[in-house]
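K.L.:
Take this structure first; my questions come after.
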Ligand code: FES
Ligand code: FES
C-alpha cells in the first residue's frame, strides 16, 4: 500500500486538488489524475523532453519531477498554451479569435511536425524561451530546444517555426522556409 498525498496545483489557471501516491511524478498526475494527456510519456527517464511542462514559467521534465515538488506551483501544459492577451474563459469558450499561441501557429504553418509526439514539449520549451528572450538568435533557439528530441521531422522546420514566431512577434518579415528554397532550387534545376 502506497502512502497518498493530497496536492494543490494551479494547472493552466485552474486550481486543482488531487490525491496521488507519494512517488507519482508530475507527469503521472497530469495524465492519469487530471486527464491532461498532451504531455507525453516518452522515455520516462529524462532523455526525450516529450513530457516538458512549464512550472512557474520554467521548462521542467515532468517525468523527473515528483508531484510533491510542484505543490503550490503554477503548471502550464500544452492544453493551456494560448496567446498571453487571451483570457482563459475566452480561449475555453472560443469566443475570441487567435486562440492559439503564435508558437503553435508558426509550427502549423511551417509544417514542423509529423507524428506530433514531440510537439507539446517543443512548443512549451520555445514559449519559455520567447518569454525570457523575446528576440533569440538561432543558436539560442537551438540551445533552448536541445533537450527536446524529435524522432521523425528533423529539426530544420522546427527551428524555422520558432524563428517565424520570433520574427512575427517583433514585426519583422518571417524568414523564407528552407522547403520553399528547396522547391525553387528543384524547379530551377528542372528548367
Ligand atoms: S518522458 Fe520525460 S524526458 Fe522523456
Ligand atoms: S514529429 Fe514525430 S517525434 Fe517529432
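K.L.:
222 nm [θ] for the chain, helices only, -39500 (n - 2.57) per DSSP H run of 4+, per residue, to 500?
P.N.:
Values: 6 runs with 62 residues, N = 191.
Roughly -9500 deg cm²/dmol at 222 nm, from the helical runs in the chain.
K.L.:
Let me ask something else about it. Could you please state, rounded to a whole Å, how far the C-alpha centre of the stretch 108-146 is from the C-alpha centre of the stretch 49-83?
P.N.:
Using only Cα atoms, the two centres lie 16 Å from each other.
K.L.:
Given R₀ = 25 Å, FRET efficiency for residue 139-residue 188 by Cβ-Cβ distance, to 0.05? Can you show the working numbers first?
P.N.:
Details: r = 30 Å, r/R0 = 1.21.
Once rounded, the FRET efficiency stands at 0.25.
K.L.:
Please report how far the C-alpha centroid of the stretch 148-163 lies from that of the stretch 18-47, rounded to the nearest whole angstrom.
P.N.:
Computed from Cα coordinates, the inter-centre distance equals 25 Å.
K.L.:
To one decimal place, what Kirkwood hydrodynamic radius in Å is obtained for the stretch 4-80 from all pairs of distinct Cα atoms? Display every interim value, and only then the final one.
P.N.:
On the way: mean 1/r = 0.0839 Å⁻¹.
For the stretch 4-80, the Kirkwood estimate is 11.9 Å.
K.L.:
In which sequence would 164, 133, 52, 153 go, from the one with the fewest C-beta neighbours within 10 Å to the one with the most? Can you show the working numbers first?
P.N.:
Numbers: 164 24, 133 13, 52 27, 153 17.
Fewest-to-most ranking of 164, 133, 52, 153: 133, 153, 164, 52.
K.L.:
Highest mean first, what order results for 62-69, 3-10 on Cβ atoms within 10 Å?
P.N.:
62-69, 3-10
K.L.:
Oh, and also: Within 10 Å of each residue's Cβ, count the other Cβ atoms and sort 107, 117, 2 from fewest upward.
P.N.:
2, 117, 107
K.L.:
Which of the peptides 165-174, 28-37 is most tightly packed, and how do the rest follow, going by the mean number of other Cβ atoms within 10 Å of each residue?
P.N.:
Values: 165-174: 14.5, 28-37: 18.3.
For the peptides 165-174, 28-37, the packing ranking is 28-37, 165-174.
K.L.:
Follow-up question, since we're still on this one. For residue 58 and residue 108, FRET efficiency with R0 = 25 Å and r from the beta-carbon atoms, rounded to 0.05?
P.N.:
Details: r = 25 Å, r/R0 = 1.01.
The pair residue 108/residue 58 has a calculated efficiency of 0.50.
K.L.:
Right, something else. In the Gaussian network model of the chain, springs joining C-alpha atoms below 10 Å, which of 76, 16, 41 carries the largest mean-square fluctuation?
P.N.:
16
K.L.:
Right, here's the next one. Can you give me the convex hull volume of the Cα atoms of the stretch 96-180, divided per residue and expressed in Å³? All intermediate terms of the calculation are to be shown ahead of the outcome.
P.N.:
Details: hull volume 8.5 nm³, N = 85.
Output value, Cα hull per residue: 100 Å³.
K.L.:
So, one more: Find the all-direction average of the projected area of the Cα convex hull for the chain, expressing the result in square nanometres with one decimal place. The partial results should precede the final answer.
P.N.:
Working: hull surface 50.0 nm².
Taking a quarter of the hull surface, the average projection is 12.5 nm².
Laboratory data are not the source of any read-out in this text; all were calculated from the coordinates shown. Here the structure is a predicted model, which means the values were calculated and not measured. Ideal geometry is used to build each Cβ from the backbone, glycine not excepted, and the neighbour counts take in all protein chains shown.
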